[in-house]
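Data first, discussion second: the structure below is written as C-alpha cells.
The values are calculated or read from the model by the stated rules, or taken from the named source; none is laboratory data. The model shown is predicted, which means the values in this text are computed figures rather than measured ones. Note: ideal-geometry Cβ built from the backbone for every residue, glycine included; neighbour counts use all protein chains shown. Side chains are part of the model used for accessible areas, which takes the heavy atoms of the whole protein and leaves out ligands, DNA and RNA. Shrake-Rupley method; radii C 1.70, N 1.55, O 1.52, S 1.80 Å.
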Amino acid sequence: MIMKKHSRPLKGQLQVPGDKSISHRSVMIGSLANGTTRTSGFLAGADCLSTISCFRNMGIDIALDGTTVTIHGKGLHGLQAPDGTLDCGNSGTTMRLLSGILAGQQFPVRLTGDASLQTRPMRRVIDPLSTMGADIRSESGNGCAPLLTAPAGLHGIRYASPVASAQVKSCVLLAGLYADGETSVTEPAISRNHTELMLQGFGAQLSASGTTVTVQPEPELTAADILIPGDISSAAYFIAAGLIVPDSEILLTNVGINPTRDGMLEVIRMMGGTIQTENRQISGGETSADLIIRQQSLHGCTIAGGLIPRLIDELPVIAVLAAYADGTTVIRDAQELKVKESNRIDLVVSMLRSMGAEIEATEDGMIIRGGKPLHGASIETNKDHRMAMSAAVASLAADGETDIKDAECVSISYPQFYEDLKKLQA
Ligand code: S3P
C-alpha cells in the first residue's frame, strides 16, 4: 500500500476497536462460566476470531453480531473434545492462554497456528504447566507449536516467572483453576492484569500482592456482562499521529487506560508532552477515558525496567515518535520484542533507518537519535500488524511516498485501521 506525506492537520473524533486482550479473555472465561456472558465492544479482528473458533470447536455456542458477542458458557468442566486440530492462527494469546485451560481438560488436543506462531517460544508455558503435572509437549520437540496436550491431574504451584508476560501468567492462573491446591505466579514486573480482573468479576478467588497473584482452585465461575473499552494499543497509532502531524487535534473516545497498560501515556509525559484525559469510567475493574491529543514537540527519554511490560506492544510506534522527537531516546529491557509476531527490534530499526532516521539496535532494545527529517521508503512488515500501522504513522510526516508491504495484515487487530486514519485526514 502506498502512503503519502499528509500536509494537513489530523482532526476529528474516533472510537478505536475494543481491547484485544480483554476480547480474548471474554470468550475464554465466558466459555468456562455457568450461564450466558454478553460482551459489547468486542474486537472482531482475526486474532479474537481464532479464539472464538477454537471454543466453538470445543462445543461452546458463541454468537457474534458486530461488536456484540453472546457466549453460552458450560462451566469449568463443560468443554468437549474438538474435532481435529485447534488453529490459533497468528495469535500468541490464544495459544498460550488456551494451553493453560487445555491442561485441565479430560481430552487430548493438538493445537497449532500460522508460520509466525509456529516459531514463537512455547517452553515458557510448557515448563510451568509441566511442573503442575500437565501432559503438554511440543510435537517436534523444538519448544514451539504444534503443541499436544493430554489429560493429567494438576497440582498448585508457586511459579516465579523469568519473564514479565501476561500470557504466561494467565496460562498458569487458568490452569490453577483446575489444580488441587492454590497456585501463585510471581513476575519480575507487573504485566497486564485483565485475566485477574475478569476472573474476579466472574467469582474466582484471587489475590494480588506486589508482583504475585494467587488463585484458588475450582471456583464456580458465574457469567457476567462485559463492556470492553477501546484498545490503547490501537489508540497508540492515532496518539502518535496526532502528536507528529502539525496542528492536529484528535479526540479518542473510551480508551482503556488500565494502569498495567498505560505506559505510553507516561512516556509522552517523559518526552515533555501532555494528553488530556476526560470522562474517566470503570467497568469490570477496567478504567477507560476519552483522550485528547494535540500536536506537540517532544524530546527523547529513556524507556526501561517495569515500564516495558506496560507498553510492550506500543514500542514500534513509540520508536516512530522518538524519531520525530528532538534528542536521544533509549529503549532498554525490551528483549521480548524479538519474540513477538516478528522480531520487532530488527524490523523497527530497518524501517526507520530506511526512512532516514538515525537508529541502532541493541541487545535489548534500540537507541534513536531523533529530529532528522524522514523520507518515504519501501517497508517490509513481515505481515506483522503493529509494524504496518507504525509504518503508516511514520509515513504521515515523511517526505514522498512510503510503500507498506502486506499492509492488509492490520486485520489481525484493527481491520478498519486505514479507513479510520482516512476519517481523520478528511
Ligand atoms: C498479551 C500480552 C502481551 C502482548 C500481547 C497480548 C495478552 O504478550 O504483547 O499482544 O493479551 O496477554 P506477553 O504476555 O507475551 O508479553
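At R0 = 56 Å, how high is the FRET efficiency between Ser7 and Asp180 if r is their beta carbon distance? Nearest 0.05 is fine.
Working: r = 64 Å, r/R0 = 1.15.
Working from the Cβ atoms, E equals 0.30.
Note on Arg192: accessible area approximately 30 square angstrom, rounded to 10, probe 1.4 Å, nucleic acids and ligands left out.
Rolling a 1.4 Å probe over the protein heavy atoms gives the chain an accessible area of 35 Å² per residue.
Karplus-based coupling profile of the stretch 179-188, in residue order and whole Hz: 7, 8, x, 6, 10, 10, 10, 10, 10, x, with θ = phi - 60° in 6.51 cos²θ - 1.76 cosθ + 1.60 and x standing for Gly or Pro.
Rounded to the nearest 5, what % of DSSP beta bridges with both residues in the stretch 20-227 are antiparallel?
Numbers: 27 of 36 bridges.
Here the share of antiparallel DSSP bridges comes out near 75 percent.
Under 5 Å between amide hydrogens, built in the peptide plane, is the criterion, and for Leu298 it picks out Asp326 among residues at least 5 positions away or on other chains.
In terms of the Cα gyration tensor, with a ≥ b ≥ c the square roots of its eigenvalues, is the stretch 20-227 rounded because a/c is under 1.5, prolate because a/b exceeds b/c, or oblate? Rounded, because the longest to shortest axis ratio a/c is under 1.5.
Centre-to-centre, using Cα atoms only, the stretch 237-259 and the stretch 129-194 are separated by 36 Å. With both labels modelled 7 Å from their Cα along Cα-to-Cβ, the His299 to Gln425 distance reads 3.3 nm.
Comparing Cα centroids, the stretch 326-346 and the stretch 58-78 end up 37 angstrom apart.
Nearest 10 degrees, 0 to 90: what angle lies between the long axis of helix 20-32 and the longest principal axis of the chain (Cα atoms)? Helix 20-32 sits at roughly 10 degrees to that axis.
Spatial offset of the stretch 270-298 relative to the stretch 349-426 amounts to 23 Å, using the alpha carbon center of each. Modelled label-to-label distance, Asp364 and Lys405, 7 Å Cα→beta-carbon offset: nm? Placing both labels 7 Å along Cα→Cβ, they lie 3.1 nm apart.
Computed from the alpha carbon positions, the gyration tensor of the stretch 292-342 leads to an equivalent ellipsoid with semi-axes of 21, 12, 10 Å, biggest first.
Considering only Thr93, Met132, Phe107, and ranking their Cα positions along the charge dipole of the stretch 74-176 that arises from unit charges at the beta-carbon of Lys, Arg, Asp and Glu, the one farthest toward the positive end is Met132. Debye-formula intensities of the chain, expressed as log10 I(q)/I(0) at q = 0.11, 0.14 Å⁻¹, are -0.79, -1.26 (one equal scatterer per alpha-carbon, no solvent).
So what is the orientation-averaged projected area of the stretch 130-276, using the convex hull of its C-alpha atoms, in nm²? Don't skip to the end; give the middle numbers.
Working: hull surface 47.1 nm².
Approximately 11.8 nm², given one-decimal rounding.
Once backbone amide H atoms are built at 1.01 Å from N, Asp399 has Leu374, His375, Gly376 as its partners under 5 Å, excluding neighbours fewer than 5 places away on the same chain. Quick one: grab the alpha carbon gyration tensor of the stretch 268-321, order the square roots of its eigenvalues as a ≥ b ≥ c, and give me rounded if a/c is under 1.5, else prolate or oblate depending on whether a/b is larger than b/c. It comes out oblate by the Cα gyration axes.
Dividing the alpha-carbon radius of gyration of the stretch 299-426 by 2.2 N^0.38 Å (N being the number of residues), what value is obtained?
Output field value: 0.99.
Per-residue extension of 0.36 nm, minus the Cα-Cα distance of Asp346 and Lys372, leaves a gain of 7.4 nm for this segment. Using C-alpha pairs under 8 Å with a sequence gap of at least 6, the mean separation divided by the residue count of the stretch 227-294 gives a relative contact order of 41 percent.
Per residue, the average separation of C-alpha pairs within less than 8 Å and at least 6 apart gives the stretch 20-227 a relative contact order of 21 percent. Dividing the helix sum by the residues of the chain, where each DSSP H run of 4 or more adds -39500 (n - 2.57), gives a mean residue ellipticity at 222 nm of -9000 deg cm²/dmol. Ranking Arg25, Arg8 by solvent-accessible area of protein heavy atoms (1.4 Å probe, all protein chains present), from largest to smallest, gives Arg8, Arg25.
Proximity of backbone amide H atoms, modeled 1.01 Å from N, is registered between Tyr178 and Glu218 at under 5 Å, excluding neighbours fewer than 5 places apart on the same chain. The relative contact order of the chain comes to 18 percent, based on Cα pairs under 8 Å that sit 6 or more residues apart.
Between the Cα long axis of helix 92-102 and the first principal axis of the chain there is an angle of about 10°, rounded to the nearest 10.
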